[in-house]
Amino acid sequence: MSASTLPATDAMAAAAEADLEALVAISSPSGDADGADACVELCIQWLPTEAAVERVPCSSPDHVPDLLARMPGAGSGRVLLLGHLDTVIAHPEHLALRREGDMWRGSGAVDMKGGVALALALASWLAKRPESFAELGVLLVVDEEWRSEQFSHVARFANYDACLCFEAGERTPAGIEGVVVRRKAAGTLRVTGHGRAAHAGSNPDAGANALLALAQAASAAAALHLPSGPEALSVVPTRMRAGDAVNVVPANGELMIDVRAASEAAFGPVIEASSRAAKAASVQVELIRSWPGMDSTEATRGLLELASARLGREIVGVARGGASDASHFASAIPLTIDGLGPRGGHAHSPEEYVHGPSIRERAEVAIAIAETLLIQCA
């Protein structure tokens, strides 16, 4: 980085560290109105004073509104900074940030309140340079971890030149800074079983066992699991519940299946297989959540080469299996880059952490990429 950029990086990192701790202190599981609103109010305080702030309808109708901020500039290029404020950790299991050396543990620290803090710090840095952009947008949603409807925000940014998403960052096995340019399509299947209750002891054959039907559907779906195949298809039954009593043939139940592949088209055979496999009772299969695939490898290659030169160390595009809202924007904004947040691990668990020193390192990466893309847009 240039000597003139170093103080800005220090300031960004310091702001992101403080904001991370404040955000992680708030328990905000998906669907919790008070937690989401508390996080949003903090983020509004940290936004540049130039920002025009809105609360826009969330994609999931049972959630509080998302946060959208726009800042006008005097230059060229429209850039969106993207993140989410919800977590998967329920209130009783929530953990505030605690520093254990370089490991800063806390609920949602890496997925993705650390990234949100870094995105807001970058927004403040860019706001001081209005001549470098035409418009800067910040979108922070509150339902990414459990969305009940299709993502609704893409059309708002149809004329934008770039989308930068701040899910967790990483390094390659060789220690090179990585940003995410390719993701699988991801979906959630809900299989509902419909059978007939009967006494499990005196008249079991009069029933139709929904639990067995769901187990048959799960086995048929899992048989298609082939991550090494042409579609890189993973099929993982994740949850099954059935029945109401220990001595009654289960009349109903529900099975959840996680599916991921190179494209959404690969989900069809899984739906068909699980629909046809059930013999013990009838089942209904629904695709209740879906993220498209993302591949901005070619669109971002030149940008990452130039940003590497600006940074003074290499930045490479990498693939990641997990879903992200960046995938929704990639089809409309080809210059979409994800994985700009700090590094960490154990997301969705009590051991979730951010690697403290990576906050500054990823601030450097974010500045290098932002500066480079705005120069390209000029």
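If you build a Gaussian network model of the chain, linking Cα atoms that sit under 10 Å apart, which residue out of 113, 184, 128 swings the most?
128
Rank these for me by crowding, 365, 53, 316, going from fewest to most other beta carbons within 10 Å. Don't jump to the answer; show the numbers that get you there.
On the way: 365 26, 53 13, 316 16.
With the fewest neighbours first, 365, 53, 316 line up as 53, 316, 365.
Residues with beta-carbon under 13 Å from that of residue 216, excluding residue 216: net charge, scoring Lys, Arg +1 and Asp, Glu -1?
+2
What is the sum of charges, Lys and Arg at +1 and Asp and Glu at -1, for the other residues whose Cβ falls under 15 Å from the Cβ of residue 199?
My count for the surroundings of residue 199 gives -1.
Between rounded, prolate and oblate, where does the chain land on the alpha carbon gyration tensor, with a ≥ b ≥ c its root eigenvalues, rounded for a/c under 1.5, else prolate if a/b exceeds b/c?
prolate
In square nanometres, what is the average projected area of the Cα convex hull of region 247-352? Can you show the working numbers first?
Details: hull surface 42.8 nm².
Over every viewing direction, the Cα hull of region 247-352 projects on average to 10.7 nm².
Would you compute, from DSSP H runs of 4+ residues alone, the mean residue ellipticity of the chain at 222 nm, taking -39500 (n - 2.57) per run and dividing by the full residue count, rounded to the nearest 500?
The helix contribution divided over the chain gives -9500 deg cm²/dmol.
Around residue 351, under 11 Å between beta carbons, what's the net of Lys plus Arg minus Asp minus Glu among the other residues?
Computed value for this residue: -1.
For region 59-129, rounded, prolate or oblate, judged on the Cα gyration tensor with a ≥ b ≥ c (square roots of eigenvalues), a/c < 1.5 rounded, else prolate if a/b > b/c?
On the way: a/c = 3.86, a/b = 1.51, b/c = 2.56.
Oblate is the answer for region 59-129, as a/c is 1.5 or above yet b/c matches or exceeds a/b.
Please work out the Cα center distance from region 215-294 to region 1-69, rounded to the nearest Å.
Distance between centres, Cα-based: 36 Å.
Using C-alpha positions alone, give me the convex hull volume of region 185-291 per residue in cubic angstrom.
Numbers: hull volume 8.3 nm³, N = 107.
In region 185-291, the Cα convex hull volume per residue is 77 Å³.
Give a residue-ordered list of calculated ³J(HN,Hα) values for region 115-122 (Karplus: 6.51 cos²θ - 1.76 cosθ + 1.60, θ = phi - 60°; whole Hz; x for Gly, Pro).
x, 4, 4, 5, 4, 5, 5, 5
Could you tell me the center-to-center distance, by alpha carbons, between region 312-378 and region 72-103 in angstrom?
So the two Cα centres are separated by 12 Å.
Readers should treat all values here as calculations from the given coordinates under stated rules, not as data from a laboratory. The structure displayed is predicted, hence computed values, not measured ones. Ideal geometry is used to build each Cβ from the backbone, glycine not excepted, and the neighbour counts take in all protein chains shown.
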